Structure formats: C-alpha cells, structure tokens
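Visitor: Below are the structure tokens for one structure; questions will follow.
FYI, it's all coordinate maths here, none of it is from the lab. Quick caveat: nothing in here was measured; it's all calculated off a predicted structure. Cβ atoms come from the backbone with ideal geometry, glycine included; neighbour counts cover every protein chain shown.
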Amino acid sequence: MQINFQYQKPAVINALRFHFLNRGEIRVFSYVLIILFVFAVGGYWIDIVSFQAVVAIVLMIVLLLLVFWYLLPASIYKKAATFRESIRLQYNEEGMVIGTHVGERHINWTNFNNVVETQDFFYLYRDKKSFFLIPTNAFQDDADKLTFSHMLQQKFDHYVLKR
C-alpha cells in the first residue's frame, strides 16, 4: 500500500511537543518542579522562604515551559529537512519504503521498537529519542488507517494508543 503526504508545520510542532512532554524524565522533572513550587509557597506562607525565592522558582518554571513548548519543538522542526519534503511511503508486512525527491530508503519493521498512535500521528520509535512520524490524515479513509494500525499492533508488542 502507498500513501503520499506532506507534513504540516503546526501539526508537527504539536507532535514534537507530545513527544517531549511524554518523556519519562521530563515528567519526573516537572513533578519535581511542582513539588518545589508547593514547598516554596508553603515556606513563604509560614515565613521561611523569601518572596524572591518564590518568584525565582516561578520564573524557572515559566522558562522551562517556554523551552519545552516553543523553543525545542521549533528548533527540531527547523533542523529536520524531512518535515518540509513531500513523502511517498510504501508499506507491507516486511517494512516500509520512504521516498522523497532525493531518493528512497527501505526500513524493516524490526528497526523500530515501539509505536505510539495518537489521533493525529503514528510515532514509530527507533529508540527513546528518534522516531518517524506518519500523519493519520495521510490515509485515504478510516479503513486504510485502521488496517495500518492493526498491522502495526500485530508487529509490535509495545504499541500504545493515546487518544
């Protein structure tokens, strides 16, 4: 089966945000910041922590939100030329062939270890940091998308569906 698509910048930026914010270490870090903030506010309330310390923690949280919500996804999008290409994707039981104007590359399903399906994308992970995005709207109809989803579910033990 073959699908053709071109990435849409806002959708890719949101997909990158989803990826970063669902990383385990980012979650742990955000929980630590929330706990730190709660303790700082509590300490300020009982007059142990200064107002400046609370403001500094709030500014750190805002800065990190800006980095993970805007700067990191935008910089990744800008660096990856693939997001600005027209993609031709052929897939079957063995793997897929990704084609652009530069050429084609065959990738076996065994090169991926994890798949996450959201409403907008299939994330095919090679490792924790590297993945290939397939937009769900690239499929002609819901039946084709469902067929692809079922095929991936059969291929991967680590298949996560997040809607």
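Visitor: Extension gain Ala56-Asn4, at 0.36 nm per residue separation less the Cα-Cα distance, in nm?
Guide: 13.9 nm
Visitor: Work out, step by step, the length gained on full extension between Gln140 and Arg163: first 0.36 nm times the residue separation, then minus their alpha carbon distance; give nm to one decimal.
Guide: Details: separation 23, 0.36 × 23 = 8.28 nm, distance 2.01 nm.
Extra length from Gln140 to Arg163 when fully extended: 6.3 nm.
Visitor: Sticking with this structure for a sec: For the chain, give the magnitude of the charge dipole about the Cα centre (Cβ charges: +1 Lys/Arg, -1 Asp/Glu; no others), in debye to the nearest 20. Each step should come with its number before you reach the end.
Guide: Details: 16 positive and 13 negative charges, 87 e Å.
My answer is approximately 420 debye.
Visitor: With all distinct Cα pairs included, what does the Kirkwood hydrodynamic radius of segment 9-79 come out to in Å, to one decimal, could you say?
Guide: Kirkwood radius, segment 9-79: 13.5 Å.
Visitor: Sort Trp45, Trp69, Trp109 so that the residue with the fewest other Cβ atoms within 10 Å of its own Cβ comes first and the one with the most comes last.
Guide: Details: Trp45 10, Trp69 14, Trp109 19.
Listed from fewest to most nearby Cβ atoms, that is Trp45, Trp69, Trp109.
Visitor: Mind pulling the angle between the C-alpha long axis of helix 51-66 and the longest principal axis of the chain? Nearest 10 degrees, somewhere in 0 to 90.
Guide: 10 degrees
Visitor: What is the gain in length, in nm to one decimal, between Lys155 and Leu33 on full extension, counting 0.36 nm per residue of separation less the C-alpha to C-alpha distance?
Guide: 40.1 nm
Visitor: Amide H to amide H under 5 Å from Phe139: which residues, 5+ apart in sequence or cross-chain, H placed 1.01 Å off N in plane?
Guide: Close amide H contacts, sequence-distant or interchain: none at all.
Visitor: So, one more: Give a quick list of GluC sites (Glu not before Pro) in segment 67-142 that DSSP marks as loop, anything other than H, G, I, E or B, with at most 14 other Cβ atoms within 10 Å.
Guide: Those that pass, being in a loop and sparsely packed, are Glu93, Glu94.
Visitor: Continuing with the same structure: With a Cα-only, solvent-free Debye model of segment 36-131, what are the log10 I(q)/I(0) values at q = 0.11, 0.15 Å⁻¹?
Guide: -0.57, -0.77
Visitor: What percentages, rounded to whole numbers, describe P(r) for the chain computed over all alpha carbon pairs with 10 Å bin width beginning at zero?
Guide: Pair shares across the bins are 9, 32, 28, 14, 10, 5, 1.
Visitor: Also, I was wondering about something else. Over all directions, average the projected area of the Cα convex hull of segment 78-139 and note it in nm². Kindly include the intermediate steps, with their values, before the conclusion.
Guide: Numbers: hull surface 18.9 nm².
Convex hull of Cα atoms, orientation-averaged projection: 4.7 nm².
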